[in-house]
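Heads up, the thing below is written out as structure tokens.
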Amino acid sequence: MRRGRSGPPRRGRDHRPHLKDKDPVFTVAITGVTGLDPAWDVDPPPSPAAGSSPPPPSAPLSPVFNLTFQIDNTRNAYYKACFPGLSRADVSYGDAFLAGGSVPPLCAGEKCRSDPVAARAWGENVAVPRFLRDQLAAGDASVDVKVTMPTYCGKAWCGGAVLSCKPKIGGGDVSGLSARFHLS
């Protein structure tokens with residue numbers, strides 16, 4: 001006769017599959033953008049004229065992104081999820097850096113969703129290549145938002161994380177455009 005094992009479950013095995021925790025979902029929404037308006041900030045491509053000289057260099061951009069971060073940890077009953085202090089958000093377009101800024105510390109407890117937290121990423125006199133400006137001037141664009149969290153060490157391990165996502169901008173009203181972060 002086979003007898004069941006009594007006592008605590010063995011380490012490394014999950015004997016409670018119905019309670020298995022899920023990873024938190026980190027999101028960012030672009031709630032406003034200035035400095036990337038095709039009519040004012042992103043110069044349109046020059047019309048080609050026969051025998052004309054190459055176009056003058058483009059003026060630098062100074063974009064500002066209003067971002068809202070949130071953590072949904074409602075599927076996790078075992079640990080809290082956080083953007084720790086000293087986290088940084090960088091916004092780029094086609095591998096060209098546009099803006100950067102700090103992300104305020106933010107946590108969601110077990111089985112909770114955090115309140116939204118606003119942050120701002122900005123760039124000053126950013127050089128953007130002509131072909132990327134042409135794409136921006138054409139309208140629809142997706143930027144990359146990368147959040148780098150600081151490295152920290154515990155007793156026997158060190159960890160840090162880079163989260164990235166691709167929210168879309170364009171068409172004037174950018175409120176409510178959000179994207180989920182993925183661990184890189």
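Checking ARG130 against (1) within 20 Å of ALA59 (Cα to Cα); (2) at pLDDT 95 or above; (3) of a type in the set (D, E, K, R), only one condition comes out false. Which one?
With (1) within 20 Å of ALA59 (Cα to Cα); (2) at pLDDT 95 or above; (3) of a type in the set (D, E, K, R) applied to ARG130, the lone miss is (2).
Checking VAL145 against (1) under 21 Å from GLY32 (Cβ atoms); (2) part of a helix (DSSP H, G or I), which single condition isn't satisfied?
Single failed check for VAL145: (2).
Going by the conditions given, is SER178 at pLDDT below 80 and loosely packed, with under 14 Cβ neighbours inside 10 Å?
no
Is there a residue being of a type in the set (Ser, Thr, Tyr) and either part of a loop (DSSP other than H, G, I, E, B) or more than 17 Å from VAL147 (Cα to Cα) (or both) anywhere in segment 91-108?
Taking segment 91-108 as the starting set, the residues that turn out to be of a type in the set (Ser, Thr, Tyr) are 92-93, 102.
Of the ones still in play, those that are also either part of a loop (DSSP other than H, G, I, E, B) or more than 17 Å from VAL147 (Cα to Cα) (or both) are none.
Checked segment 91-108: no residue is of a type in the set (Ser, Thr, Tyr) and either part of a loop (DSSP other than H, G, I, E, B) or more than 17 Å from VAL147 (Cα to Cα) (or both).
Which residues, counting only those in segment 70-87, are under 21 Å from the mean Cα position of the chain (by Cα) and not basic (Lys, Arg)?
Hits for segment 70-87 are GLN70, ILE71, ASP72, ASN73, THR74, ALA81, CYS82, PHE83, PRO84, GLY85, LEU86, SER87.
Yes or no, residue by residue, for (1) surrounded by fewer than 17 Cβ atoms within 10 Å (Cβ to Cβ); (2) modelled with pLDDT under 70; (3) within 30 Å of SER114 (Cβ to Cβ):
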{"position": "PRO44", "(1), (2), (3)": "yes, yes, no"}
{"position": "LEU67", "(1), (2), (3)": "no, no, yes"}
{"position": "TYR78", "(1), (2), (3)": "yes, no, yes"}
{"position": "ALA89", "(1), (2), (3)": "no, no, yes"}
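Can you find a residue that is outside any strand (DSSP E or B), under 21 Å from the mean Cα position of the chain (by Cα), at pLDDT 90 or above and more than 18 Å from ASP41 (Cβ to Cβ) anywhere in segment 115-124?
yes
For segment 136-175, which positions are modelled with pLDDT of 70 or more, farther than 16 Å from LEU86 by Cα and touching a Gly at 6+ places or on another chain (Cβ under 7 Å)?
GLY139, ALA141
Can you work out which of the residues in segment 94-121 that are farther than 21 Å from ALA141 by Cα and acidic (Asp, Glu) is surrounded by the fewest Cβ atoms within 10 Å (Cβ to Cβ)?
Once the filter is applied, the top-ranked residue is ASP115.
The values are calculated or read from the model by the stated rules, or taken from the named source; none is laboratory data. Every value quoted in this text rests on a predicted model; they were computed, and no experiment measured them. All Cβ positions, even for glycine, are placed from backbone atoms using ideal geometry, and neighbour counts span all protein chains on display.
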